[in-house]
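Worksheet: the structure to be examined is printed underneath.
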Amino acid sequence: MPSEPIFRVSNHHVAGCGRPPAVDGDSPGLYHGYFENRYGEQMLLVYDREKGEGVLWCGDAGWEQPYRVVDGRPDGLIMSPEEGTWFDACVRAVRS
């Protein structure tokens, strides 16, 4: 039986930030997290629980530059305190 999406959001970044990722939220074993701050800057996390690694996209850093996430930290991305709080909550959810 087909189902309706439970969450859908548009890209809020300018074209210069690149094309945002298209993510299949129905893939088994993957955690999906979304963040948007008060300025409309968006982040998307896809984390593979079994492999213990994931990918983080950050619109204001350029959608086409994914950041590898290993051991609960994104490689090469400096986050604001608000982004870090969201990300840490995602990591706790993945590990629980």
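The values are calculated or read from the model by the stated rules, or taken from the named source; none is laboratory data. It should be emphasised that the depicted structure is a prediction, and the values quoted were computed from it without experimental measurement. Quick reminder, even Gly has a Cβ in these numbers, built from the backbone with ideal geometry, and neighbours come from all protein chains shown.
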Review point. Is there a residue being touching a strand residue (DSSP E or B) at 6+ places or on another chain (Cβ under 8 Å), surrounded by fewer than 18 Cβ atoms within 10 Å (Cβ to Cβ), within 17 Å of Phe7 (Cβ to Cβ) and at pLDDT 95 or above anywhere in region 65-81?
Key: no
Check your understanding: What tally of residues in region 1-19 results from selecting those that are modelled with pLDDT of 90 or more and over 22 Å from Ala89 (Cβ atoms)?
Key -> 9
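Is region 70-87 home to any residue that is within 11 Å of the chain's Cα centre (by Cα) and free of Cβ contacts under 8 Å to residues at least 40 places away in the same chain?
Initially, region 70-87 is screened for residues within 11 Å of the chain's Cα centre (by Cα), giving 74, 83, 86-87.
Filter again for free of Cβ contacts under 8 Å to residues at least 40 places away in the same chain, leaving 74.
Looking through region 70-87, at least one residue is within 11 Å of the chain's Cα centre (by Cα) and free of Cβ contacts under 8 Å to residues at least 40 places away in the same chain.
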Check your understanding: Considering region 46-68 alone, what residues qualify as being in a loop (DSSP other than H, G, I, E, B) and over 14 Å from Arg19 (Cα atoms)?
Key -> Arg49, Glu50, Lys51, Gly52
Practice item. Mind listing whichever residues of region 24-38 are modelled with pLDDT of 90 or more and under 15 Å from the mean Cα position of the chain (by Cα)? Key: Leu30, Tyr31, His32, Gly33, Tyr34, Phe35, Glu36, Asn37
Practice item. Answer yes if at least one residue in region 8-31 is assigned to a strand (DSSP E or B) and on the phi < 0 side of the Ramachandran plot, and no otherwise. Key: yes
